[in-house]
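In what follows, a single structure is set out as structure tokens and then discussed.
The values are calculated or read from the model by the stated rules, or taken from the named source; none is laboratory data. All values reported here derive from a predicted model rather than from experimental measurement. Glycine gets a Cβ as well: all are built from the backbone with ideal geometry, and neighbour counts include every protein chain shown.
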Amino acid sequence: MPSHLSRPPLAATLIAWQRQHGRHGLPWVGSRDPYRVWLSEIMLQQTQVSTVLGYYDRFLQRFPDVAALAAAHQDEVLALWSGLGYYSRARNLHRCAQAVVQQHGGRFPGHSSTLAALPGIGRSTAAAIAAFCFGERCAILDGNVKRVLTRALGFDGDLAEARQEKALWLQAEALLPAAGVEGGIEAYTQGLMDLGASLCSRRRPVCDACPLAGLCVARVQGRAEAYPVKTRKLKRGQREHVLLWLDHGDQVWLVQRPQTGVWAGLFALPEFDSEEGLWALAAGWPGIGQPMPAVQHALTHFDWTLRPCHWPLPAGLSTAARARIEASLPAGRWILRSEALALGLPAPIRRLLEAGPPTCASRAALDHSPAA
């Protein structure tokens, strides 16, 4: 570690900056309630603060404490999370709440190593909870903090390599403020987060206004955007599926996806590998299938092309005919569209249902109804 970045100047400078310029207006900042801090940390993973704020408030209104969250049904948790993305976070949030109640009597453990053993809580999240709520001197290293520290230190190790990630953890721990500084670890930890979320942005960092400008190796080099170094990039995949939007009156046929995989546990429209597969299933159905414009949806590891097809069944359909159609469909159930919007739905499915069915005049319809 460069000598000019020893513990006192960086930690003290960052603490002073955070106390004067930090994000003090956020509802979780300054809280010592582990439940509220944990909830904010999970929601903020890969999600902007502006998006999280509304979800955070709604979650606290419905689940004011960890016991209330643990007692909820997963469907209700996913419904409140709907639109926030990365749904494994919601499932782990629910599992973690249950573990806290069952294993720790409803109280979050007070040490980072014990917190890290809970579902969905990694090392950095555990350290943040322990620092903010219990004053433990421990380092955090989320994406924003990696960017701040690698720039400040001029750390050019490839973080795709486990040994380099470990080396950065060691340096992060060495930079912690000295013990005994009242509120020091809390202000320092929050300062790292605030700096990474504001001035030390991924692109076009505002180096001249940064409190660490006089200490930052990357600024001296004029290479801030070169850090952090991570050469191994995931190769994004491509997927394409057809979605069946089957209506009967005010009801839509929805399936609940498996508990593992993409959109696990959420309600969605039935999915087919191809239009041919859908038309083969629908042969003989009354009504008209209306292909809609494709929807492009980006997930962490792949880009997904979704091709919805709206198929309204005739209002006068007999009970027997409807039963035959239901028997051929992927397992699911009819749900009023207004009630469906209160369920846990993937964002593109929610947008479709909120917009409502296409009109015949605005979509080119393909008639696959049986001949008269």
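Of the residues 79, 11, which is within 22 Å of residue 263 (Cα to Cα), crowded, with 17+ Cβ neighbours inside 10 Å and not assigned by TED's automatic domain parsing to the domain that holds residue 297?
None of the others qualify; the one that does is 79.
Looking at 44, 53 in this structure, which one is surrounded by fewer than 19 Cβ atoms within 10 Å (Cβ to Cβ) and either under 28 Å from residue 135 (Cβ atoms) or not hydrophobic (A, V, I, L, M, F, W, C) (or both)? Outline the logic, then answer.
Values: 44 fails: surrounded by fewer than 19 Cβ atoms within 10 Å (Cβ to Cβ).
Of 44, 53, the one residue that is surrounded by fewer than 19 Cβ atoms within 10 Å (Cβ to Cβ) and either under 28 Å from residue 135 (Cβ atoms) or not hydrophobic (A, V, I, L, M, F, W, C) (or both) is 53.
In the range 168-185, how many are in contact with a Leu (Cβ under 6 Å, 6 or more places away or on another chain) and assigned to a loop (DSSP other than H, G, I, E, B)?
Residues in the range 168-185 being in contact with a Leu (Cβ under 6 Å, 6 or more places away or on another chain) and assigned to a loop (DSSP other than H, G, I, E, B): 1 in total.
Regarding the range 137-146, can at least one residue be identified that is in contact with a Lys or Arg (Cβ under 8 Å, 6 or more places away or on another chain) and more than 20 Å from residue 170 (Cβ to Cβ)?
No; the residues of the range 137-146 include none that is in contact with a Lys or Arg (Cβ under 8 Å, 6 or more places away or on another chain) and more than 20 Å from residue 170 (Cβ to Cβ).
Among residues belonging to the range 343-372 that are under 26 Å from residue 85 (Cα atoms), out of contact with any helix residue (DSSP H, G or I) (no Cβ under 6 Å at 6 or more places or on another chain) and not in a helix (DSSP H, G or I), point out the one that is modelled with the lowest pLDDT.
Restricting to residues being under 26 Å from residue 85 (Cα atoms), out of contact with any helix residue (DSSP H, G or I) (no Cβ under 6 Å at 6 or more places or on another chain) and not in a helix (DSSP H, G or I), the top hit is 358.
Keeping to the range 182-197, report how many residues are charged (D, E, K, R) and in contact with a helix residue (DSSP H, G or I) (Cβ under 8 Å, 6 or more places away or on another chain). Step through it out loud before you land on a result.
Quick first cut of the range 182-197, residues charged (D, E, K, R) only: 182, 186, 194.
Still in the list and also in contact with a helix residue (DSSP H, G or I) (Cβ under 8 Å, 6 or more places away or on another chain): 186, 194.
Residues that pass the stated criteria total 2.
Residues are listed down the side, and each one gets a yes or a no for (1) over 19 Å from the mean Cα position of the chain (by Cα); (2) among the hydroxyl-bearing types (Ser, Thr, Tyr); (3) more than 21 Å from residue 229 (Cα to Cα); (4) modelled with pLDDT of 95 or more:
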position	(1), (2), (3), (4)
114	yes, yes, yes, yes
124	no, yes, no, yes
141	no, no, no, yes
163	yes, no, no, yes
169	yes, no, no, yes
179	yes, no, yes, no
184	yes, no, yes, no
192	yes, no, no, yes
203	yes, no, no, no
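Within the range 233-265, which residues are among the charged types (D, E, K, R) and either under 22 Å from the mean Cα position of the chain (by Cα) or in a strand (DSSP E or B) (or both)?
233, 235, 236, 239, 240, 247, 257 - these are the residues of the range 233-265 that are among the charged types (D, E, K, R) and either under 22 Å from the mean Cα position of the chain (by Cα) or in a strand (DSSP E or B) (or both).
Within the range 99-128, can you find the residues that are crowded, with 17+ Cβ neighbours inside 10 Å, of a type outside the set (A, V, I, L, M) and farther than 22 Å from residue 145 by Cα?
Across the range 99-128, the qualifying residues are 108, 109.
Which of the residues spanning the range 14-73 are touching a helix residue (DSSP H, G or I) at 6+ places or on another chain (Cβ under 8 Å), part of a helix (DSSP H, G or I) and of a type in the set (D, E, K, R)?
Once the filter is applied, which keeps residues that are touching a helix residue (DSSP H, G or I) at 6+ places or on another chain (Cβ under 8 Å), part of a helix (DSSP H, G or I) and of a type in the set (D, E, K, R), the range 14-73 yields 19, 36, 41, 58, 62.
So, in the range 301-341, exactly how many residues are in a loop (DSSP other than H, G, I, E, B), loosely packed, with under 14 Cβ neighbours inside 10 Å and small (Gly, Ala, Ser)?
The qualifying residues number 4.
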